[in-house]
Amino acid sequence: MKIQWKKLIACLAIPLAVGGLSALLTRSGMESFETINKPPLSPPSWLFPVVWTILFVLMGIASYLVAVSGKPGRTALTVYGVQLFFNFLWSILFFNLSQYLFAFVWLVILWILILITTVLFYRISKPAGYFMLPYLLWVAFAGYLNFAIYLLN
């Protein structure tokens, strides 16, 4: 399979742009995040942008594999776009607005959307589905952190 570079770059740019804009908009909320009570297993703050960058790249590759598969992928890519939107808004709810319980409920919906996206991607391209699994796991872990932060604060 020949790499379609323009499509690959676009597919990588979309989630990275969503993540980058979210990080930019939530930068001020990160200061207050440093001061709240956090649960056991909370990673150091520097790890979050590293992990999210990797996850956004994996998402982009997955969406590229679906886009170039030659199979009908409109529904899968639409759900993918919706989950990216939910991902973007979660950061604002959690970091900027400190709405920890609402952010947790939002995150549960996000996790379900990621699961649906993963299944749809897997049906079109098994590797695309596999590329989504780290994201699904990380958001489950983020759910633990989010709910625990709600309880502790």
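The values are calculated or read from the model by the stated rules, or taken from the named source; none is laboratory data. Worth saying up front: this structure is predicted, and the values here are computed from it rather than measured. Ideal geometry is used to build each Cβ from the backbone, glycine not excepted, and the neighbour counts take in all protein chains shown. These area figures cover heavy atoms from the full protein model, side chains too; ligands, DNA and RNA do not enter into them. Shrake-Rupley method; radii C 1.70, N 1.55, O 1.52, S 1.80 Å.
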Worksheet, complete the sentence: Here the tail fraction of P(r) beyond 19 Å, over all Cα-Cα pairs of region 53-113, rounds in percent to 40
Worksheet item: Could you give me the ³J(HN,Hα) list for region 99-108, computed from phi with Karplus coefficients 6.51, -1.76, 1.60 and θ = phi - 60°, whole Hz, x at Gly and Pro?
Response: 8, 4, 6, 4, 4, 5, 4, 4, 5, 4
Discussion item. Show me, for region 75-91, the HN-Hα J-couplings you get by feeding each phi into the Karplus relation (A = 6.51, B = -1.76, C = 1.60, θ = phi - 60°), rounded to Hz, glycine and proline as x.
Written reply: 4, 4, 6, 5, 4, 4, x, 5, 5, 4, 4, 5, 4, 4, 6, 4, 4
Worksheet entry | C-alpha center-to-center spacing [region 1-36, region 75-132] in angstrom | 14
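How do 32-38, 8-14 rank on mean C-beta neighbours within 10 Å, highest first?
Numbers: 32-38: 11.0, 8-14: 16.4.
Taking the mean over residues of other Cβ atoms within 10 Å, the ranking is 8-14, 32-38.
Write down the Kirkwood hydrodynamic radius of region 1-94, to one decimal in angstroms, obtained as one divided by the mean of 1/r over all alpha carbon pairs. Walk me through the intermediate numbers first.
Working: mean 1/r = 0.0672 Å⁻¹.
About 14.9 Å, per the Kirkwood formula over Cα pairs.
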Item to complete: Can you send over the carbon and sulfur percentage of the accessible area for the chain, probe radius 1.4 Å, protein chains only?
Response: 74
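Please give the per residue accessible area of the chain, computed with a probe of 1.4 Å over protein heavy atoms only, in Å².
55
Please give the calculated 222 nm ellipticity per residue for the chain, where each DSSP H segment of at least 4 residues contributes -39500 (n - 2.57) and the sum is spread over every residue; nearest 500 deg cm²/dmol? Could you put the intermediate results ahead of the total?
Details: 5 runs with 120 residues, N = 153.
Calculated mean residue ellipticity at 222 nm is -27500 deg cm²/dmol.
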Item to complete: Find the Cα radius of gyration of region 67-153, compare it with 2.2 N^0.38 Å by division, and give the number to two decimals.
Response: 1.19
Practice prompt. Give the relative contact order (percent, whole number) for region 10-92; include only Cα pairs under 8 Å separated by 6+ residues.
Written response: 56
